[in-house]
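Taken together, the values in this text are just the output of simple stated rules run on the coordinates, not laboratory data. These numbers come from a predicted model, not from an experiment. Note: ideal-geometry Cβ built from the backbone for every residue, glycine included; neighbour counts use all protein chains shown.
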Amino acid sequence: MKKNLFVIIIFCLGQLSSYAWANQPDSTYLFAYTKNDGKRHNGLQFAWSVDSKNWHSIGPEFIFVRSDYGTEKKMLMPVLLHDPSGVWHCLWKASDRNEVYGHTASDNLFTWGRQDYSIEKKVYENAAKQLSSIEINGEKLTGTKLSVSWHIVEELIKTRRSAAFKEMLRRETIRDDSTRLRHLKPVQAKININTDDKKPISNMLIGAFFEDINYSADGGLYAELIQNRGFEYNVNDKLGKDLNWNNKMAWELKGAQASWTIDSVAPIHPNNKHYAKLQLSKVGAALVNEGFDGIPIKKNDKYNFSVFARSSSAKNGIFLIRLVGIHGEIYGETQTKNISKNWKKYDAVLTATETASDARLEIYPQFSGTIDMDMICLFPQKTFKERANGLRADLAQTIAEMKPKFIRFPGGCLVHGFGIDNMYHWKNTIGPLEKRKPQRNIWNYHQTVGLGYYEYFQFCEDIGAEPLPVVAAGVPCQNSEGGQQGGIPLNEMDKYVQDVLDLIEWANGGTNTKWGKIRAESGHPKPFNLRYIGVGNEDQISDVFEKRFTMIFDAIRDKHPEITVIGTSGPFNEGTDYQEGWTLANKLKVPMVDEHYYQSPGWFINNQDFYDSYDRNSAKVYLGEYAAHAKGGPNIESALAEALYLASVERNGDIVKMSSYAPLLAKEGHTQWNPDLIYFNNTEVKPTTGYYVQRIYGQNSGDEYLANQINMEGQSEEVKKRFAVSTVYDSRSGDLIIKIINMLPVTVKPLLNFEGKEIQKNVSISKQVLTGKPENKTAVPTVTKCSVNELLSGEILPYSLTVYRFKL
Ligand code: AHR
């Protein structure tokens, strides 16, 4: 396409006059332009006119295609061309700072193909010769004027109207129930469950998506209590916007006749360049760490302290280590052995004498002179499953209770990174902590990668979840500077592809393989049984992407046909990347595609048929990131919208193989993305209403779907679409599980019929109900036993998710 573009433009320019001057009776003028030139996130708009004087905008302000270039996503001075084969081309300037020009093409002016930013300046400038200006309501607009048939304008108007209608549905909120459903009386629903009409569904439907966003890892799930333990924080972690964010962050030196600097002359390991160099003229000064918002400690609990240190001073001695309160109260004390001349690791154990949420760690060298320190760690002994370098027990337990069938890690955008230098490389995250390579986190802080690939795999194993690592597809985040046009240079791709293959060997290889041996040396001789690998994260499906993705995909398929590769389809449930992602997946026969969409509760209510029409014979779906974003944060409204939608996901469990709500964790006071599934601070875990929906679905999953029909006679669509039933059978336990979601403000009386089958009168039925007012953020499910009578003739509460589980 690119090579021919110049030729196409020359041709189109030749044609332009005939378009402009043709006197067809049904012709009209179309003007293509952008507004807000110079601002971010603008895009192509259209106006039409019959006389080229009085113009009508289609919208108003309706954007048909947006630029997806870099961080700014600008579309300046667009030129629209129509080539002889009927294809429309749009060319634009994508930056007012650099010479970057974009191109995309469309058959119909409303669905546009992938964007290409390798357009030469002369190509754009040649096309731009036809730019002209019009005025709408006194505003001068620059763009391209073409003469087109009225039919084209009509289609554009229809597209815009249909988008407006979809937007109206998307904006539906439970807050309008008092008007929308004001006359609604309690409803009856006949529910017919056909126990003989079954289909196998995925037994891995509910998983967890973990990304180090919102301080989910360092300061969160990773149990390390010392912040900036390696003195590697850097102003670039925050793009230079916070000068306090430097190697000394979270540390201070207290006491007289002492000073300290950051040195990098002879580090423990080149991956950890910086260390603290203290100069003490006398004993009494201490290096103090404030932790992540303080160090939480619990009375009588033990904490493992470690430090790498060296001192060339003639008379060395020990370090005195203290946990202290903010007013200097001593909450625990220990000491190391004598510090030697060369780098060496020293361990000691502290026992907390009090409970506090905001302790500090103090290290008092008991000798004077020059002292180097690095990798200063403090872990509770009570980590999850008491693993060394482990996870915070309460948070890990909360995740485990969801019974996720898999965990996706390490992201999200974190995977592809802010530019190729910031891509996440799994090899940097394994082995001894001092040899791992920390780096800037795309979410504007620092990642120690102490929670690295070994720990992720171990956590999966500990909770019986399948590991689902996601690697970058050789391109960085589309929202980083320069966007995804700057992929890994092709001559470096072989090495990158080999890294991905090495990951599979590291996870699954025997101890006689290079990488299997490295895994064994970390403490896990048995393979981790990796079965899935994600390649790419909601990337732009550009030529740059396709080339690199294909190289990685082909290599895995050839060397490891046993691994299921999961491709990607952009950040939305529609649009260019979604279409192109699926087209590419089908072309390459990628077995599964990762879909992402964050939507309003209204969208989830109105799209319960989203997967019903998916082709059963093409790639399977991993709904890798989704969440209902309700006004005011996660509440019963968003939770029930997710529950309603998950019922449709279960119904489509033959094609949707996995799903994971995103993001999983968020630390209070450090939350960059809302909503999240589980909020926490240093001492508390605060699951959301949405968490309980995930937990209910995770704990009550099945492997067969039983057909059900709901008859709500006399009720409108408005009512019907707010009520759903999902019936699954779990062959392992032999249980039938019925989930009933009522998003109506009234009770529903379900009349359950099992196609003539009787339920034994004495069967034990467990009942779980999550309910509350729509804006309720703290509801938790109740778990009870119920009788057969109640199952068959009880009432389903307004705004509730009810689950019955029993043996049929
Ligand atoms: O879940 C938060 C972010 O949302 C992920 O990092 C990214 O993949 C998506 O845009």
Honestly the range 506-659 on the Cα gyration tensor test (a ≥ b ≥ c root eigenvalues; a/c under 1.5 rounded, otherwise a/b vs b/c for prolate or oblate) is just prolate
Segment residue 282-residue 330, extension gain: residue separation times 0.36 nm, minus the distance between their alpha carbons:
15.1 nm
Plugging the Cβ-Cβ distance of residue 185 and residue 149 into 1/(1 + (r/R0)^6) at R0 = 60 Å yields, to the nearest 0.05, a FRET efficiency of 0.70
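Compute the FRET efficiency between residue 513 and residue 435 as 1/(1 + (r/R0)^6), taking r as their Cβ-Cβ distance and R0 = 35 Å, and round to the nearest 0.05.
Details: r = 21 Å, r/R0 = 0.59.
Here the calculated transfer efficiency is 0.95.
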Rounded to the nearest 5, what is the percent of antiparallel bridges among the DSSP beta bridges in the chain?
75
Quickly work out the residue 239-to-residue 586 label distance, labels modelled 7 Å from Cα along the C-beta direction, and quote it in nm with one decimal.
3.7
Residue 61 to residue 629: extension gain in nm, 0.36 nm per residue of separation minus the Cα-Cα distance?
202.0 nm
So what is the relative contact order for the chain, in percent, with contacts set as C-alpha pairs under 8 Å and at least six apart?
13
Loop-resident GluC sites (Glu not before Pro) in the range 415-499 with no more than 13 other Cβ atoms inside 10 Å, DSSP not H/G/I/E/B, are 481
Likely footprinting exposure, 347, 237, 51, fewest C-beta neighbours within 10 Å first:
51, 347, 237
Dipole moment magnitude, nearest 20 debye, the chain about Cα centre, only Lys, Arg, Asp, Glu C-beta charged:
1200
For residue 261 paired with residue 764, estimate the spin-label separation in nm (one decimal), with each label point 7 Å from Cα along the Cα-to-Cβ line.
7.1
Once each part is reduced to its C-alpha centroid, what is the distance from the range 304-362 to the range 747-801 in angstrom?
56
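Divide the volume of the convex hull of the Cα atoms of the chain by its number of residues and quote the answer in cubic angstrom per residue.
Working: hull volume 159.1 nm³, N = 808.
Hull volume over Cα atoms, normalised by residue count, gives 197 Å³.
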Please list, by residue number, every one of the trypsin sites (Lys or Arg not before Pro) in the range 606-636 that is coil in DSSP and has at most 10 other beta-carbon atoms within 10 Å.
616
Segment residue 732-residue 554, length gained on full extension (0.36 nm per residue, minus Cα span)
60.5 nm
Could you work out how far the C-alpha centroid of the range 522-592 sits from that of the range 637-708, in angstrom?
24
Residue order, fewest to most beta carbons within 10 Å, for 786, 377:
786, 377
Within the under-15-Å Cβ sphere about residue 269, not counting residue 269, Lys/Arg +1 and Asp/Glu -1 give a net charge of +4
If I model a spin label at residue 192 and residue 499 as a point 7 Å from the Cα along the Cα→Cβ vector, what separation in nanometres do I get?
5.7
Ranked highest first by the average count of other Cβ atoms within 10 Å around their residues, in what order do 321-332, 93-104, 160-171 fall?
93-104, 321-332, 160-171
So which trypsin sites (Lys or Arg not before Pro) in the range 190-297 end up in coil per DSSP with only 10 or fewer other C-beta atoms within 10 Å?
241
Can you check what the net charge comes to around residue 495, using other residues whose Cβ is under 14 Å from the Cβ of residue 495 (Lys, Arg +1; Asp, Glu -1)?
-2
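As an exercise, use a Förster radius of 60 Å and the Cβ-Cβ distance of residue 807 and residue 672 to find the FRET efficiency, rounded to the nearest 0.05. Present the calculation step by step, with values, prior to reporting the outcome.
Numbers: r = 46 Å, r/R0 = 0.76.
The value I calculate is 0.85.
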The range 723-808: Lys pairs at Cα distance under 24 angstrom, eight or more positions apart or on different chains
24
